[in-house]
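This report concerns only the one structure given below.
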Amino acid sequence: MPFNSRFEPMTRTWPADWDARRAGKDCPFCAEGRPSEREGGSRFFRGTVADAYLQRKGSAPGYSIVIFRGRHVADPTQLTADELIAYWAEVQEVAKKVEEACRPCHLNYQILGNAVPHVHVHITPRYLDDPAPERPLMFADRLQEMPDEEYAQLVKALGGIK
């Protein structure tokens, strides 16, 4: 029987297929391979174990997703020590590209996996004029699509489509 955060029995609220999704069944990140374009974004980094995609819609210009591509892994605790080191080294490399191209005052890193249980990191640049200094940006409240020309320029500044 599932338990809540106080270890009391409770009704399950997560999707019925959650355990299968965590195990990799019908994982959209695994199914897509390593495309240069995916729904919502263009790849600007192809590493040994990760790909990074600049998102067309995001809470700030430069919002990117870094997807682990070695195998299906639902949570960082499932990575081997070597995979963990390689992945975070590539996340750092991507973050440096975002810093250089976007010049934010800070970067936020989020590991969620609530919708797609496959290891990926959301990198959100934060700017001096952002609406929530010193607090997380509310993701769904601020999604804005970048104009095509601005998007293409930023993809190029990040290293182009790879």
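Taken together, the values in this text are just the output of simple stated rules run on the coordinates, not laboratory data. Since this is a predicted model, take the numbers as computed values, not measurements. Positions of Cβ are backbone-derived with ideal geometry, glycine not excepted, and every protein chain shown enters the neighbour counts.
Entry note, the chain: the mean residue ellipticity at 222 nm calculated from DSSP H runs of n ≥ 4, each adding -39500 (n - 2.57), is -7500 deg cm²/dmol after division by the residues and rounding to the nearest 500. Sorting the segments 15-22, 125-132 by their mean number of nearby beta carbons within 10 angstrom, highest to lowest, gives 125-132, 15-22.
Simple spin-label estimate for Gln110 and Thr13 gives 1.8 nm between the two label positions (7 Å along the Cα-to-Cβ direction from each Cα).
Building the convex hull from the alpha-carbon atoms of region 121-162 and averaging its projection over directions returns 4.2 nm². Using the alpha-carbon positions of region 17-70, Rg (one decimal) and Dmax (whole number) come out as 12.3, 34 Å. When peptides 99-112, 41-54 are sorted by average Cβ neighbour count within 10 Å, with the highest value leading, the order is 41-54, 99-112. Note on Lys156: aspartates and glutamates with a C-alpha under 13 Å away, same-chain residues under 8 apart excluded, are Glu100, Asp148.
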